[in-house]
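Q: Take a look at this one; I'll ask things after.
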Amino acid sequence: MKLLHIDAGITGEGSVSRQVSAAVVQAARDAIPALEVVRRDLDADAIPHLGSQHLGTAEGAGVLQEFLDADVIVIGAPMYNFTIPSQLKAWFDRIVVAGKTFRYTEAGPEGLAGGKKIIVASARGNLYAPGTPLAVNDFHEPYLRAVFKFIGIDDVTILRAEGVAFGPEQREAAVQVALAAAPAVVAELRTALAA
Ligand SMILES: Cc1cc2nc3c(=O)[nH]c(=O)nc-3n(C[C@H](O)[C@H](O)[C@H](O)COP(=O)(O)O)c2cc1C
């Protein structure tokens, strides 16, 4: 089983999303000894924004192939300005590719990348629970679910640490909520592997 570990946060050691994504990957390593982990750090090694000079280059093909080869993708995804970081958007621009991960048919679009599991470590400064005034500003988690669904992936689990900007105590509590969800997610992974 191959796990692709992606991080997009720019706050290094202090990053909540990195802390949670790393904990998930470590728990998965511990639970599944044969697991092969591939690392992609979108801050240390940014993928250029898609432009005329980059269309169809070998680098883009490499990013796509790495995604296609993975069974599980763990993504550290902070919310920046109500959506995902542009570093992560640049990654999506390389993996959402007509003819590779989706295609249009007479019946409409069809996802071609099904069968993968996505685990997102979501970190946000504010609170966006359904029914709250800020819920309409959440273009972060709904975006992630929508784009993965478009390419055929419904199996998206989100470990959420939110309200982290409200102060150190709230931040720590939010991190603990997200970390507490990790064992069940990893247990499910191990079961899926055994099936
Ligand atoms: C450039 C930038 C933009 C941000 N925009 C938002 C935002 O729109 N809404 C929000 O709730 N938090 C926002 N935040 C707060 C982050 O989501 C929060 O600090 C989160 O923990 C960042 O992830 P990290 O800890 O992994 O770096 C922003 C932070 C940065 C650095």
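The values are calculated or read from the model by the stated rules, or taken from the named source; none is laboratory data. Bear in mind that the values here come from a model prediction, so they are computed numbers and not experimental data. In this analysis, Cβ positions are derived from the backbone assuming ideal geometry, glycine residues included, and neighbour counts consider all displayed protein chains. We work out accessible area using only protein heavy atoms, side chains counted, and drop any ligands, DNA or RNA first. Shrake-Rupley method; radii C 1.70, N 1.55, O 1.52, S 1.80 Å.
Q: Computing the accessible area with a 1.4 Å probe over protein heavy atoms, can you report the carbon and sulfur percentage for region 108-164?
A: Numbers: 1460 of 2450 Å².
For region 108-164, the apolar C and S fraction of the accessible surface comes to 60 percent.
Q: Once phi is turned into ³J(HN,Hα) by the Karplus curve 6.51 cos²θ - 1.76 cosθ + 1.60 with θ = phi - 60°, what whole-Hz value does each residue of region 153-160 show in order, with x for glycine and proline?
A: 10, 9, 7, 10, 10, 10, 9, 10
Q: List the relative contact order of region 2-194 as a percent without decimals, with contacts defined as Cα pairs under 8 Å and 6+ residues apart.
A: Details: 331 pairs, mean separation 46.8, N = 193.
After rounding, I find 24 percent.
Q: Skip the ligands, DNA and RNA, and give the accessible area per residue of the chain with a 1.4 Å probe, whole Å². Kindly include the intermediate steps, with their values, before the conclusion.
A: Working: 9680 Å² over 195 residues.
Roughly 50 Å² per residue, with all protein chains present.
Q: Let me see the P(r) profile for the chain: every Cα-Cα distance counted, bins of 10 Å, each bin given as a percent of all pairs.
A: Final binned percentages: 9, 35, 37, 17, 2, 0.
Q: With a Förster radius of 30 Å, plug the Cβ-Cβ distance of Thr57 and Thr105 into 1/(1 + (r/R0)^6) and report the FRET value to the nearest 0.05. Kindly include the intermediate steps, with their values, before the conclusion.
A: Working: r = 28 Å, r/R0 = 0.93.
The formula returns an efficiency of 0.60 here.
Q: Indicate the gyration tensor shape class of region 117-195 (rounded, prolate or oblate), computed on the Cα atoms with a ≥ b ≥ c the square roots of the eigenvalues: a/c under 1.5 is rounded; otherwise a/b larger than b/c is prolate and the rest oblate. Spell out each step's value before the answer.
A: Values: a/c = 3.23, a/b = 1.32, b/c = 2.44.
The shape class here is oblate.
Q: Something else now. Which value in deg cm²/dmol, rounded to the nearest 500, describes the helix-derived mean residue ellipticity at 222 nm for the chain, given -39,500 (n - 2.57) per DSSP H run of n ≥ 4 and division by the residue count? Walk me through the numbers on the way to the answer.
A: Working: 6 runs with 74 residues, N = 195.
Result for the chain, helices only: -12000 deg cm²/dmol.
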